[in-house]
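Working notes, beginning with the structure itself.
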Amino acid sequence: MTSTSEVAVSVRIGDEDVGEVPQDGGVVLLEVTECYGPIVLEYADGRTVELDQEICPGQELAVDGTAARVVDTATSD
């Protein structure tokens, strides 16, 4: 997961609380072998963004100040 947000973002994927991704930071999840979802983001300012989709091995969650998207790691910038 990568974040270009100006604030920290808390991430939950399915039932798993991934934790907080710092502003302009990232988090790596090790040993992911299946798809997980839905994805819920809570920004430090209280906004919540929900993605009704899964993230799978070979994909990355890209977070910015207003939204998030799941991208294939081969095509992420």
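The values are calculated or read from the model by the stated rules, or taken from the named source; none is laboratory data. Being a predicted model, the structure only gives us computed values, none of them experimental. Cβ atoms come from the backbone with ideal geometry, glycine included; neighbour counts cover every protein chain shown. Accessible surface is based on the protein model in full, side chains and every heavy atom, while ligands, DNA and RNA are left aside. Shrake-Rupley method; radii C 1.70, N 1.55, O 1.52, S 1.80 Å.
Filtered by the rule that a residue be assigned to a loop (DSSP other than H, G, I, E, B), at pLDDT 80 or above and within 19 Å of residue 67 (Cα to Cα), the stretch 1-21 gives 4, 5, 6, 7, 8, 14.
Filtered by the rule that a residue be open to solvent by less than 70 Å² (accessible area, probe 1.4 Å), in a strand (DSSP E or B) and without any contact (Cβ under 8 Å) to a residue 24 or more places away in the chain, the stretch 31-77 gives 49, 51, 59, 71. Taking the criterion of being closer than 19 Å to residue 65 by Cα and at pLDDT 90 or above, the residues of the stretch 22-45 that qualify are 39, 40, 41, 42.
Within the stretch 4-30, the set of residues being open to solvent by 60 Å² or more (accessible area, probe 1.4 Å), of a type outside the set (Val, Ile, Thr), within 11 Å of the chain's Cα centre (by Cα) and within 17 Å of residue 59 (Cβ to Cβ) comprises 12, 29.
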